[in-house]
Each structure stands twice: as structure tokens, then as C-alpha cells.
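Contents: one structure, followed by commentary.
The values are calculated or read from the model by the stated rules, or taken from the named source; none is laboratory data. Since the model is a prediction, treat every value here as computed from it, not as a measurement. Note that we place each Cβ from the backbone using ideal geometry, even for glycine, and neighbour counts take in every protein chain shown. Areas reflect the complete protein model, heavy atoms only, side chains present, ligands, DNA and RNA absent. Shrake-Rupley method; radii C 1.70, N 1.55, O 1.52, S 1.80 Å.
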Amino acid sequence: MSTGPADLELGGPGGLRPSRRAVVSTAVVLVVVAIGLSWAKWWPYAHKIDGLVGTGAWSGSSPLDVARDAPSVWTGAWDFTVAYTQAVWKALLVGLVLAAGIDALVPRRWVQRLLTRRSTTSSGLLAGALSLPSMMCTCCAAPVAVSLRRSGVPAPSVVAYWLGNPVLNPAVLVFLALVGPWQWVAARLLVGLALVVGAAVLAGRLLPGRVTPPSGLVEEAKGEDDRPDGPVTRFARSLGRLSITLVPEYLLLVALVGAGAHLAPADLDLGAGPLALVALAVVALLVVIPTAGEIPVLLALAAAGASPWVLGLALLLLPAVSLPSLAMVGRALTWRVTAAVAGLTVASGVAAGAVIAVL
């Protein structure tokens, strides 16, 4: 016998239990995302690893080279946007579908229960572990982070999932092991894990307790019981809203990064002077790259004789965050938390340089 909202059924003494509709819709989201990740991530990365095992040499260049070699700043912005979009559009599409599915089809209480733990440390570890299969770059993971926050997931878990995607990407760790020294892998894994958990703890300190989303997102954070429309309508509306609100902003900021890359001097000082490291940290923090886009940069820096500190900054800062991803998650996480995470990421880049230098 069912009572109350259509999405719930009476579950005996324990109260209400999820309906078949919620189970089916959640299963559909998981299957669709798994197919999408196989198409955009798992299968291409398996082929990439197979090729690297055979050759041990990284093929391809960074999209930043496209912007740098353009004849004008406008051409650089356009060429970089096109090259970057071609590299990430599959993963971005999967990210938007996952974000819309979480927002429209998965019961919010399930998402909250899964990603809410008693301590921020355990929340960071769990969310970081859950980020491993998706292996997205920071910009492609941003829509999912926004959707999780709208679903009422605490900020520590959202931050850990967002950072865990690019920083703890298992495919990139394998790539690094096959084409670079083992010190890069050790620094990325050790410092990266500390960054993911540390950022979760920091977010918990800045937003203590099981906090709700910012007031501007309260309307979108209602429970699934308040959503009378059918699942297809809800999903289409959520996907459209995410695409309209995030994608144009994302493309504009990517073009801005391309313009900046064209204007940046080609002969940067690769030493370990304080001013050079500060300048490199700012650039690496804001630049956007596709998954594994830091590898050709690291190889070029190492060939040019860059110091361990420069390599550490590039190893962590390039993949972890970017100007577009910071802008996309800023409102959902609050700008205070977003700025703090950016600062902690810079510190992690310095720590990675120290690890490389010691090892």
C-alpha cells in the first residue's frame, strides 16, 4: 500500500522506502554514465596506455602551443578554444549528463547519505575514492560538483570529488609512470591525496556542520518529493539549465586563457627564484588543460632543465584547478571556500616540488 508522494512507498516499521521509480532512474543514470565514460575515458585511455607500453614516448603537444604559435591574440584565443574543446567535449558532455542525472533523477537523500560522513577527513577520502572512475579534468568535473552541492551534499565532499578527478586520476598516474621518472608519480600521488583530503578539511572548517547550499541555490535544492514533473522532463530541464549557465561562461574563460597564453613570453625563467615561482604558480593555477595535458608540459620543462620546484608546481597546479573551473564552482561552494582551495593548491604545488627535490 502506498501513501504520500508518488515517489515513495510505505516500507513497514522502518518508515518509507525508495520506490521502484527511484531505483530504476538511478540505475539508468549509472548505466548511461558508465557507457559515456567508456566512450570518453576508459577505452581511449586503455589504448593510450597500450601505446605507451610499446613506445615509452608521449605523442602529441599541449593546446597551449596552439595559442602561443597563433599570429594574433584573437586567433590565439580562438585556436586554443577550438583545440581545447576538441580534446574535452566528450568528457564535458558526460559530465553534464552525470550532473543532470544527479540533479533530476537520483533521490537527494541517497546522494546526501552516501557522501556525508561523521568527519571531514573520512568524507574527503570517500569522495576522493568515488572520483577515481570518472577521471575528468577539473572543468568537466565542475558541473558535477555544482550538481552535488545543489543536492545538499556537504562542501567537504564536493571539494574532494572535484579535486580528486584531475589530481588522483589513475590513468594519468600510469601515464606518468610510463613516460617520466618515478619521483613524479610519487609526488603526484602523495601530495595529491593530501591536497584532496586537506581541501575537504579546510572546506569543513570554513563551512562547519552539515550545511545547506547558499541561499541562491535553495530553490534548486528541494527534495525529490517536490518535483511533480516526469523524469524525462526533469532531466531535460536540468541538462538545459546546466548547459546554459555553465558552458558559455566556460568557453569565454577558456578563450581568455588562450589569449593569455599567446601573450605570455616563450622564454620564461625556469629557475627557482621566488618571483619566477610566484609568476609560474599564478599561471599554472589559472591555465586550463585537458586530462593529462600537464605531461607534455612537464616533459618540455624537464628537457629545458627546470628545477624541481617548477616541476612540482606544474605537476599539481596545472591539472588541479583552472580559471574556468574556479568560476564554475565558485557560487556553489562560496567564493570563500573556492579561494581557500586555490591557495591550498598552490601550497601543494610547492610541496610537490619539495618531494621531487628530496627524492
Q: Considering the options 120, 172, 159, tell which one lies farthest towards the positive end of the dipole of segment 83-202, charges being +1 on Lys and Arg and -1 on Asp and Glu at the Cβ, about the Cα centre.
A: 120
Q) Over segment 253-359, with a single point scatterer placed on each C-alpha, what log10 of the ratio I(q)/I(0) does the Debye formula yield at q = 0.16, 0.19, 0.21 1/Å? A) -0.70, -0.98, -1.17
**Q.** Where the chain is the region considered: accessible area per residue in Å², 1.4 Å probe
**A.** 44
Q) By per-residue mean of other Cβ atoms within 10 Å, what is the highest-first order of 133-144, 118-129? A) 133-144, 118-129
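With a ≥ b ≥ c the root eigenvalues of the C-alpha gyration tensor of the chain, is it rounded (a/c under 1.5), prolate (a/b larger than b/c) or oblate?
Numbers: a/c = 1.92, a/b = 1.76, b/c = 1.09.
In terms of gyration-tensor shape, prolate.
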Q) What's the local net charge at residue 82, with K and R +1, D and E -1, over the other residues with C-beta under 14 Å away? A) -3
Q) With contacts defined as alpha carbon pairs under 8 Å and 6 or more residues apart, what's the relative contact order of the chain in percent? A) 22
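Treating only the Cβ of Lys, Arg, Asp and Glu as charged (+1, +1, -1, -1), what charge dipole size does the chain show about its Cα centre? Round to the nearest 20 debye. Kindly include the intermediate steps, with their values, before the conclusion.
Working: 24 positive and 17 negative charges, 243 e Å.
Here the chain has a charge dipole of around 1160 debye.
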Q. If one takes the longest principal axis of the Cα atoms in the chain, at what angle in degrees, from 0 to 90 and to the nearest 10, does the Cα axis of helix 274-286 lie?
A. 40
Q) How far is helix 323-333 tilted off the main Cα axis of the chain, in degrees rounded to 10, range 0 to 90? A) 30
